[in-house]
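A quick write-up on the structure given underneath.
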Amino acid sequence: MELVRKGKVKEVYALGEKELLFVFTDNISVFDKIIPSKIPYKGASLARTSAHWFKIVSNMGIKTHFIELPEMNKMKVRRFQITMKGKKDGNNFLIPLEFITRYYIAGSFYDRLLKGKINPAEIGIKNVKYGEPLPQPFFEVTTKFEEYDRPLSFEEAMEIGGLNKDELDDIKEKILKIDDVINKDVMKRGLLHVDGKKEWALDDEREPVLVDTFGTADEDRFWDLEEYKKGNFVELSKEFVRKYYKDIGYYDMLMKAREKGEKEPDIPPLPEDLVKKTSELYLMLYEKITGEKW
């Protein structure tokens, strides 16, 4: 098989001209850095979780690139062209953007609100309080193939993605429908869907096609529902690992180096007890998200 690209946690191989094979590794990354620790069963949990959602979305009448899961950590998908800039007159291509939808004040969104990078008043927020539900979903688009993800205006996103406004609105509408299904489903098993990102392609008819992976512990943020009702925000996602690196001071060191254009510090490995705990988290989340036994 021909290696098409090697990401931080996923390897992509060509299966001829029309199909790809995703191989999910046990790597884990935070802040665009690959941690030098393997998380047992992580790759398989992501592949199986995403396959679960792809099947549900297909039944909703929304197109996806999913074909089958030949092995626990491998996914066969339909292949789309990759362009660094969208082709306005082209078809059957991957849109080089990430589409993020947020439903609660959390994570980096909270930090951006506090720092004034997003005006709270413009999105209907009077007081910035962590964990508060947003008055309406916050939809944003970022770059995908740049060194670091960069928030875009909708005009920039349409230019880079080769989209018109109707196509962008259609993608947003589909995301809201998908997330509504995700949240209602996982709430039955004690989870709250806080935010998530998705990627899309356009087929030969310029219809949006859901691609890559989504609804997993890597792309989405989940909180423990019962703890949330008590006013606690228990992260049941990769945010659990991000918090560790923030607590030990690595995140601050990394951000300072990036701001100054200096050499970035190597990210240290996770302690063995946290590797085990993180692996258990991914397996537990697979069962809670999908309702299926591992």
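Structural remarks
- As a summary of the residue check, ASP252 satisfies the conditions (1) surrounded by 19 or more Cβ atoms within 10 Å (Cβ to Cβ); (2) among the acidic types (Asp, Glu); (3) in a helix (DSSP H, G or I) except for the one numbered (1).
- Residues located in segment 127-186, provided they are among the β-branched types (Val, Ile, Thr) and closer than 20 Å to LYS229 by Cα: VAL128, ILE182, VAL186
- Residues located in segment 146-176, provided they are more than 19 Å from ASP195 (Cα to Cα), surrounded by fewer than 18 Cβ atoms within 10 Å (Cβ to Cβ) and under 18 Å from the mean Cα position of the chain (by Cα): GLU146, GLU147, TYR148
- Screening GLU292 on (1) in a helix (DSSP H, G or I); (2) out of contact with any Gly (no Cβ under 7 Å at 6 or more places or on another chain); (3) acidic (Asp, Glu) shows it passes everything except condition (1).
- Subset of segment 255-289 [among the aliphatic types (A, V, I, L, M), part of a helix (DSSP H, G or I) and within 25 Å of ARG48 (Cβ to Cβ)]: LEU274, VAL275, LEU281, LEU283, MET284, LEU285, ILE289
- Residue in segment 30-38 that is in contact with a helix residue (DSSP H, G or I) (Cβ under 6 Å, 6 or more places away or on another chain) and at pLDDT 95 or above present: yes
- Some residue of segment 125-145 being surrounded by fewer than 12 Cβ atoms within 10 Å (Cβ to Cβ), assigned to a loop (DSSP other than H, G, I, E, B) and at pLDDT below 95: yes
- Residues of segment 203-215 satisfying the condition of being in contact with a Lys or Arg (Cβ under 9 Å, 6 or more places away or on another chain) and of a type outside the set (Phe, Trp, Tyr): ASP203, GLU207, PRO208, VAL209, LEU210, VAL211, ASP212, THR213, GLY215
- Matching residues in segment 17-43 - criterion: being touching a residue at least 40 places away in the same chain (Cβ under 8 Å) and under 15 Å from PRO70 (Cβ atoms): GLU19, LEU20, LEU21, PHE22, VAL23, PHE24
The values are calculated or read from the model by the stated rules, or taken from the named source; none is laboratory data. Not measured: the values here are computed from a predicted model. Positions of Cβ are backbone-derived with ideal geometry, glycine not excepted, and every protein chain shown enters the neighbour counts.
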